[in-house]
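Rule-based calculations on the coordinates, nothing more; no lab input. Just so it is clear, the model here is predicted, and its values are computed rather than measured. As a convention, Cβ positions derive from the backbone with ideal geometry for all residues, glycine included, and neighbour counts pool all protein chains shown.
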Amino acid sequence: MTNGHDEAFHDIDLAPGDEHAEGGIAERVLGYLTGLGLAVLLTATSFFVAGTDLVWEPSIPVALVVLAIAQMGVHLVFFLHITTGADNTNNVLALAFGILIVVLVMTGSLWIMANLNHNMMPMDQLMRMQR
Amino acid sequence: MSTIVLTEDHHGSTAVRDWSGPAPKRIVTGYGFWIFILSDMVMFSAFFATYAVLLGQTAGGPSGRDLFDLRNVAIETGFLLASSFTCGLATIAADARNKIWFQAAMAVTCAFGLAFLTIELREFSSLVARGAGPTRSAFLSAFFTLVGCHGMHVSAGILWLLTMMAQVYAKGFRADIQRRILCFALFWHALDIIWIAVFTVVYLLGSAK
């Protein structure tokens with residue numbers, strides 16, 4: 001019982017961007033180096049995929065989007081230290097809400113505009129009607 | 001600090017409750033700034049949506065395929081990524097209260113940020129010189145608004161970076177200065193995340209079509 005409560009007391013929240021205090025300097029630098037290495041790898045893959053003939057062409061946009069999302073994840077974890085730990089719950093929930101709004105704005109705009117574009121009368125007919 | 005409060009509810013049973021008190025100021029400040037960054041990303045998402053909708057509306061003018069130089073963009077990306085890494089080193093130095101390493105890492109971050117901005121401004125001026133300025137087509141308006149908005153954020157970040165160097169020099173690693181360093185690092189890393197979306201959506205996808 002007492003132990004459980006002690007644990008709860010130590011389970012204090014982390015500010016976004018803060019790391020757990022236990023890691024030494026070398027360990028933390030290694031964390032940033034890991035992040036840098038993964039980010040360089042993903043960026044290089046993105047630029048390679050965009051400019052190559054080796055990949056089936058219709059799959060390129062999807063591959064680029066997936067690579068970008070993966071790299072954003074790498075940055076979030078290794079640079080911003082947004083993790084799934086219990087001390088990070090508030091930060092993750094705020095991020096989840098932000099992502100929800102971003103996805104709504106992007107897909108909503110593209111969807112609505114594509115639909116309007118599809119249903120709009122061709123420009124030459126429109127011009128003829130206005131005359 | 002935490003204490004345990006024993007309370008009795010209406011039914012007479014006793015409940016044990018954690019009472020941890022208000023969060024430390026570092027968490028409150030960092031969390032508030034995190035909310036700001038997320039709202040900034042929501043603003044950027046509107047610009048991204050605009051760009052994606054207007055991508056084909058070139059009004060007979062040049063398209064992304066004709067204009068973008070992907071080698072330049074790759075160099076820009078490298079500079080911004082490296083600056084994000086050195087900004088992380090500056091954070092570690094600030095936590096270790098090492099002034100020399102902090103100033104050195106921040107100076108390198110500033111140099112990388114300025115290199116990024118220089119390449120971007122050269123690209124903008126060459127586009128305008130080739131008659132592909134923001135007034136040429138809806139596509140170019142959206143392009144200059146989105147990429148320019150990111151560039152303005154980087155410029156503001158560099159000003160903030162220099163301010164933090166001066167404040168650490170003059171005042172040392174006081175608790176309030178440390179909170180500002182935390183917020184600055186969040187801001188700088190967030191700019192790099194937005195740049196990932198920019199080089200993917202604007203340059204790589206934009207020059208594919």
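Tabulated results
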quantity	calculated
Alpha-carbon centroid distance for the pair segment A:11-63 / segment B:24-63, whole angstrom	20 Å
Inter-centroid distance (Cα atoms) of segment B:110-158 relative to segment A:82-106, Å	29 Å
Spin-label pair A:ILE112/A:LEU126, simplified geometry with 7 Å Cα→Cβ offset, distance in nm	1.7 nm
Projected label distance in nm at B:THR145 and B:ILE177, using a 7 Å step from Cα toward the beta-carbon	4.2 nm
Calculated FRET value between B:GLN57 and A:HIS20, using beta carbons and R₀ = 45 Å, to 0.05	0.40
Gyration tensor verdict on chain A (Cα atoms; rounded if a/c is under 1.5, prolate if a/b is larger than b/c, oblate otherwise)	oblate
Cα gyration tensor shape of the protein assembly as shown, rounded if a/c is under 1.5, else prolate or oblate by comparing a/b with b/c	prolate
For B:TYR31, net neighbour charge (Lys/Arg +1, Asp/Glu -1) across residues whose Cβ lies under 11 Å away	0
Axial C-alpha extent at least 15 Å, average Kyte-Doolittle at least 1.0 - helices from chain A (DSSP)	A:25-51, A:60-78, A:89-119
Long-range amide H partners of B:LEU55 with built H, under 5 Å	none
Simple label model, 7 Å out from Cα along Cβ direction - B:SER155 to A:VAL55, nm	3.4 nm
Local electrostatic count, B:THR118, Cβ distance below 15 Å [Lys/Arg +1, Asp/Glu -1]	-3
